[in-house]
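Reading through the C-alpha cells given below for one structure.
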Amino acid sequence: MEVLLFTAFVIGASRGLGSALVEELLQRPDSRVIAGCRRLGASDDLDRLRKEHGDRLTEMRVDYADEASIARAGSACAELFHHLDLLVNCGAISTAEGLPAEASAGPVAELDGAALRTLFQTNVVGPVLACKTMLPLLRRAEAPVILNLSSIRASATEAQAGSIGYSVTKAAFNMASRKLAAEVRAEGIAVVSLHPGWMKTRMGGEAAPLYTSDVASDVMRTIHPRAMELTGRFVDTSGADVAW
Ligand SMILES: NC(=O)c1ccc[n+]([C@@H]2O[C@H](COP(=O)([O-])OP(=O)(O)OC[C@H]3O[C@@H](n4cnc5c(N)ncnc54)[C@H](OP(=O)(O)O)[C@@H]3O)[C@@H](O)[C@H]2O)c1
C-alpha cells in the first residue's frame, strides 16, 4: 500500500520563487514534490534539487499556454499519486516574449491585442485550468490548499500607471481564486491569493530587496497552519490582508 506522503505540485517551478518553493517543500521529510515547468530538464535549480532529493522530486511538463499539457499532467498525477495536498500556481509573465514590453505594459497607446491575450492565457486561463484539473486529486487530501501567486499590482486600491496587462491579469486571477474559494470552502479546500513581495528574480530584477529562499519559507510558515482562515483572501507573506 502507498505511503501517504505530503504531495505538492508547483507550477512555474524552473526558477525564481517557484524553484525556491520546491526546495522549501522538500525540506519536509514526509514530502514529495512535482515541479511543473515548460521545458523538462532545462532548469539548473531543479537539476541540483534532484541530485539532493532523488525521486522525491518529479518533473512534469506544464505550460499554461498549452492546455493539453495541463490535462496530461492531471492524468499523470492521477495515475502516480493518491492525492494532492498542495497546488501552487506560481508561473506568470509580465510581458509577452518576442514583443516590446509596451505591447502589454502600456502606455495605452502602445498596447497590442496579441500581447494582452498571451498574458491572459498564461496568468489567468492556464492557472485556472490547472485548479480545475487538479481538484479531484485535491479532494482526496485531508487539508488541501491551492496557493495562487498574486501581486500588489493586482490591487485596484494601489493602482498606478503602467504594467497594464500584468495588473489586469493578476486582478482577474484574484477574482477567479475568490470565486473558487467560495465554491469549495464547504469541502474544506482552501484557496489563497498571495502577494510574495518584491523579490530578486528575473521578473523582480536585481534591485529587489527580497531573496526567494526567505520568501518561500515565510510563505509556507504562513499558509500551512492557517489555510482555512486565509481562504478567499488576498494576503501578503505574513497573512495580512492586501487591499483588493
Ligand atoms: N518577482 C517579484 O518581485 C514578484 C512580485 C509580486 C508577485 N510575483 C509573482 O510571483 C510569482 C513568481 O515570480 P518570479 O519572480 O519567480 O518570476 P520569474 O523569475 O520570472 O519566474 C517565472 C516562472 O514562471 C514560469 N512560466 C512562464 N511562463 C509560463 C507558462 N506559460 N507556463 C508555465 N510556467 C511559466 C517560468 O518558466 P520558464 O523558466 O520556462 O520561463 C518561471 O519558472 C509570479 O506569479 C509573479 O507574478 C513576483
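The values are calculated or read from the model by the stated rules, or taken from the named source; none is laboratory data. Note that this is a predicted model, so its numbers are computed, not measured. All Cβ positions, glycine included, derive from the backbone under ideal geometry; neighbour counts span all protein chains shown.
Would you tally the residues in the stretch 1-35 being closer than 18 Å to A208 by Cβ and surrounded by fewer than 24 Cβ atoms within 10 Å (Cβ to Cβ)?
Result for the stretch 1-35: 2.
Is it the case that D63 is touching a residue at least 24 places away in the same chain (Cβ under 8 Å), away from the ligand (no atom under 15 Å from the Cβ) and buried (at least 17 other Cβ atoms within 10 Å of the Cβ)?
Considered against the rule, which asks whether it is touching a residue at least 24 places away in the same chain (Cβ under 8 Å), away from the ligand (no atom under 15 Å from the Cβ) and buried (at least 17 other Cβ atoms within 10 Å of the Cβ), D63 comes out as no.
Return yes when L99 is assigned to a strand (DSSP E or B) and at pLDDT 95 or above and no when it is not.
It is false that L99 is assigned to a strand (DSSP E or B) and at pLDDT 95 or above.
Looking only at the stretch 36-54, count every residue that is surrounded by fewer than 11 Cβ atoms within 10 Å (Cβ to Cβ) and in contact with a strand residue (DSSP E or B) (Cβ under 8 Å, 6 or more places away or on another chain) and tell me the total.
2
Taking only the stretch 36-60 into account, find how many residues are part of a loop (DSSP other than H, G, I, E, B), within 10 Å of the ligand (Cβ to nearest atom) and not hydroxyl-bearing (S, T, Y).
3
Could you check, for the stretch 83-102, whether at least one of its residues is over 16 Å from I11 (Cα atoms), in contact with a strand residue (DSSP E or B) (Cβ under 7 Å, 6 or more places away or on another chain) and surrounded by fewer than 20 Cβ atoms within 10 Å (Cβ to Cβ)?
Yes, there is a match, as at least one residue in the stretch 83-102 is over 16 Å from I11 (Cα atoms), in contact with a strand residue (DSSP E or B) (Cβ under 7 Å, 6 or more places away or on another chain) and surrounded by fewer than 20 Cβ atoms within 10 Å (Cβ to Cβ).
Do you know which residues across the stretch 182-221 are in a strand (DSSP E or B) and of a type in the set (A, V, I, L, M)?
Matches in the stretch 182-221: A190, V191, V192, L194, M199, L210.
Sort through P144, P136 and tell me the only one that's away from the ligand (no atom under 14 Å from the Cβ), more than 19 Å from A92 (Cβ to Cβ) and in contact with a Leu (Cβ under 6 Å, 6 or more places away or on another chain).
The conditions single out P144.
How many residues are touching a helix residue (DSSP H, G or I) at 6+ places or on another chain (Cβ under 6 Å) and either touching a residue at least 60 places away in the same chain (Cβ under 8 Å) or part of a helix (DSSP H, G or I) (or both) if we restrict to the stretch 24-35?
2
Scanning the stretch 172-212 for residues that are free of Cβ contacts under 8 Å to residues at least 24 places away in the same chain, closer than 24 Å to T118 by Cα and away from the ligand (no atom under 12 Å from the Cβ), which turns out farthest from the chain's Cα centre (by Cα)?
Filtering the stretch 172-212 for residues that are free of Cβ contacts under 8 Å to residues at least 24 places away in the same chain, closer than 24 Å to T118 by Cα and away from the ligand (no atom under 12 Å from the Cβ), the one farthest from the chain's Cα centre (by Cα) comes out as K179.
Are there any pairs, at least 6 apart or on different chains, whose C-beta atoms fall under 8 Å, with the first in the stretch 113-134 and more than 22 Å from E79 (Cα to Cα) and the second of a type in the set (K, R) and crowded, with 21+ Cβ neighbours inside 10 Å, and if so, which?
N123/K170
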